Amino acid sequence: MSIKPGSFLQLAAAHLALLAYTALALFPVGLILINSFKERNAIFRTPFNLPDAETFSVAGFETVFGRGAFPSYFLNSLIVTVGALLLIFIAGTMAAHALAEYQFPGNTLLGLYLAVGIMVPIRLGTVSILRLVVSMDLNDTLWALILVYTASGLPLAVFVLSQFMRQVPRDLKDAARVDGASEYRVYWMTIPLIRPAIGTVMVFNMIPIWNDLWFPLILAPGERSKTVTLGAQQFLGQFANDYNAVLASLTLAAVPVVILYILFSRQLIQGLTSGAVK
Amino acid sequence: MPASKRKSFPWHIVVFLAPAVIIYTLFMIYPLIDSLRLSLYTVEQQGGPEVFVGLGNYQRLFTDPFWQPQITRAVGNTFEFFLIHMFVQNPLALLLASLLSSRFIVGRSIYRTLIFTPSVLSVVLIGFIWQLILSPVFGRALFAQIGIKLPPLLGQAETALPVLSLVSVWQWVGVPMMLFLAALIAIPDELIEAARVDGATGVGVFWRIKLPLIMPTVGIVAVLTFVGNFNAFDLIYTTQGALGAPDYSTDLLGTLFYRTFFGVQLQLPNPTMGTAVAGVMFVIIFTGVLIYLFTWQRRLLRNTVEL
């Protein structure tokens, strides 16, 4: 199909608008990045310039590594995120399999029960969650966070995964049963068949867990269980006037997420645009 | 049911369901219900037993001279925060999505990946980045370089909330953009082609063909915006603190909830009043979701049936 002359101008205008908005979306992040590698005077004198031989400095990063316990915060965030994702994977696929595969009394009702959590924010139950966590002696532990994030991630995971599990051909499972496979084996066999959906659900849950401030602040503010989001928040509040350190810690906290995003953006975007919002 | 089938109880179904049902019930459903129950109780003296007061906490929240201004202000501010998202973020997202959905746009996936980037960063980082950019020290130097005298936008009661709402719009616009884009791409080309043959212009096609077809997505985006913004907390807490500075002008239901049950500075923690604030949030969110289910979805269903 040929492009009409009038639509060339339209196309140029569309690109111009998109470029302008992309610049607006990226410039704050870029600004932080370039200034985190500059010495203090240059940050204020010429904030828009790239660091050069004269203005280059890593003083901020030295402060962050010297004062903050960032490596251990990173490790905590990693354990919480991976732990919650693992539990969402195990419990989510198992429940989705049961709902999709077996006709038992209350199947629909149970599906609805598990779906309620999609629309109700778990934060509204925070006071009781805190009491529960304290009564189980789990406050200031990573377990508290892992369990809460699992509970809040499960509703959407079960909902999406059971839709995909219903599409796995029956013949395949029945053939395995004829060969003497147990129900557990049949379940395990369907997992690779819905791998793309699982990937989407995992990436979809990963970012909000990594970025959450609310539950680390309330359930696990202790030094040993602090996540990187909470650590950055407190560090930034404390060193608000040390601009080098602030910019460096912003850069450090953003980098892992940006790397993960670059690696997984396809799954994330697929998740946003397909099953996750049906 | 024949006896032969009944004798082997399907234990595997229980095993498959148990982990999810137990974790979800214990850490989500039970706390939500227990929290609503707690909102009907009060503690008369510090450390004393919890006494049933019915709707007393709610009555106090809306009539007591200490609580009443706080809750009404927080509800008002939260509505303002939500409405700015509804009427700035979502139209902007729709505009970007329709630009991206054009068949002739080269580099669609690059644009959408880049525009989505702020949404993957934590609100804490976004909050500090913008606080820095708008700050009287760094921000003034920054804007001076391009010849603009920057007013203290986050320090003035009139501008702080709208500006922070726009920061949040800036961060999250990628999410509705993706949803709109997926819906727009799914529209069959033949439909648009047919309208064009009938002489419809680009704008006409958008209003008469595309928009009606993506109405289900518009509804989902609206309800997600509503639920998401009625428990907003992180951005305000990060940039303005738990008191919604300056002078409570940015205080949302989320910050009021946190402050009430957790305590801050001179205000003692009050878990039962906190659960009452959560109860108010719950009622508002629940009402919003119900309105969506019973008006929007029902209308859409009726339209599909008529087709």
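The values are calculated or read from the model by the stated rules, or taken from the named source; none is laboratory data. Worth saying up front: this structure is predicted, and the values here are computed from it rather than measured. Using ideal geometry, Cβ is built from the backbone for each residue, glycine included, and neighbour counts are taken over all protein chains shown. The area values use the complete protein model at the heavy-atom level, side chains included, leaving out ligands, DNA and RNA. Shrake-Rupley method; radii C 1.70, N 1.55, O 1.52, S 1.80 Å.
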Tell me which residues, restricted to the range B:34-83, are buried (at least 18 other Cβ atoms within 10 Å of the Cβ), out of contact with any Asp or Glu (no Cβ under 6 Å at 6 or more places or on another chain) and hydroxyl-bearing (Ser, Thr, Tyr). B:35, B:39, B:42, B:58, B:78
Quick count over the range B:255-269, residues being in contact (Cβ under 8 Å) with a residue 60 or more places away in the chain and open to solvent by 20 Å² or more (accessible area, probe 1.4 Å), is 1
Assuming residue B:97 fulfils every condition listed in (1) closer than 29 Å to residue B:247 by Cβ; (2) under 24 Å from the mean Cα position of the chain (by Cα) apart from one, which condition is it? (1)
Can you name every residue in the range A:154-198 that is within 23 Å of the chain's Cα centre (by Cα) and surrounded by fewer than 12 Cβ atoms within 10 Å (Cβ to Cβ)? A:192, A:195
Within the range A:210-229, of all residues that are part of a helix (DSSP H, G or I), in contact (Cβ under 8 Å) with a residue 40 or more places away in the chain and at the interface with chain B (Cβ under 9 Å from one of its Cβ atoms), the one farthest from the chain's Cα centre (by Cα) is A:218
Given (1) open to solvent by 40 Å² or more (accessible area, probe 1.4 Å); (2) more than 28 Å from residue A:246 (Cβ to Cβ); (3) hydrophobic (A, V, I, L, M, F, W, C), number of the condition residue B:211 does not satisfy: (1)
Might you check whether a residue that is more than 29 Å from the chain's Cα centre (by Cα), without any contact (Cβ under 8 Å) to a residue 40 or more places away in the chain and either in a helix (DSSP H, G or I) or more than 8 Å from every other protein chain (Cβ to nearest Cβ) (or both) occurs anywhere in the range B:74-86? no
Pairs where the first residue, in the range B:101-130, is within 7 Å of another protein chain (Cβ to nearest Cβ) and closer than 20 Å to residue B:187 by Cα and the second is open to solvent by 10 Å² or more (accessible area, probe 1.4 Å) and in a loop (DSSP other than H, G, I, E, B), C-beta under 8 Å, 6+ apart: B:104/A:3
Filter the range A:106-115 for residues that are touching a helix residue (DSSP H, G or I) at 6+ places or on another chain (Cβ under 7 Å), within 20 Å of residue B:224 (Cα to Cα) and more than 7 Å from chain B (Cβ to nearest Cβ) and give the result. A:115
Is one or more of the residues making up the range B:88-97 part of a helix (DSSP H, G or I) and without any contact (Cβ under 8 Å) to a residue 60 or more places away in the chain? yes
Going through A:79, A:88 one at a time, which residue ends up being in contact with a Leu (Cβ under 7 Å, 6 or more places away or on another chain), more than 7 Å from every other protein chain (Cβ to nearest Cβ) and surrounded by fewer than 22 Cβ atoms within 10 Å (Cβ to Cβ)? A:79
Kindly indicate which of A:43, A:32, A:3 is within 10 Å of another protein chain (Cβ to nearest Cβ), surrounded by fewer than 12 Cβ atoms within 10 Å (Cβ to Cβ) and either touching a helix residue (DSSP H, G or I) at 6+ places or on another chain (Cβ under 6 Å) or at pLDDT below 85 (or both). A:3
Per-region count, the range B:112-157, residues more than 15 Å from residue A:261 (Cβ to Cβ) and either in a helix (DSSP H, G or I) or polar (S, T, N, Q) (or both): 20
Scan the range B:107-129 and give yes if some residue there is of a type in the set (Phe, Trp, Tyr) and open to solvent by 50 Å² or more (accessible area, probe 1.4 Å), otherwise no. no
Within the range A:132-162, tally of residues that are farther than 15 Å from residue A:85 by Cα and within 8 Å of chain B (Cβ to nearest Cβ): 1
Scan the range A:252-270 and give yes if some residue there is within 20 Å of residue B:114 (Cβ to Cβ), open to solvent by 20 Å² or more (accessible area, probe 1.4 Å) and more than 11 Å from every other protein chain (Cβ to nearest Cβ), otherwise no. yes
Mind telling me which of the residues B:243, B:235, B:252 ends up being open to solvent by 30 Å² or more (accessible area, probe 1.4 Å) and closer than 19 Å to residue B:75 by Cβ? B:243
For the range B:34-48, check the following and say yes or no: at least one residue is of a type in the set (Asp, Glu), more than 26 Å from residue B:233 (Cα to Cα) and assigned to a strand (DSSP E or B). no
Could you run through the range B:172-191 and say how many residues are more than 9 Å from chain A (Cβ to nearest Cβ) and assigned to a helix (DSSP H, G or I)? 8
Cβ-Cβ under 6 Å, sequence separation 6+ or interchain: first residue in the range A:248-264 and within 12 Å of residue B:129 (Cα to Cα), partner open to solvent by 50 Å² or more (accessible area, probe 1.4 Å). Which pairs? A:251/A:33
Among the residues of the range A:215-228, is there at least one that is at pLDDT below 90 and assigned by TED's automatic domain parsing to the domain that holds residue A:107? yes
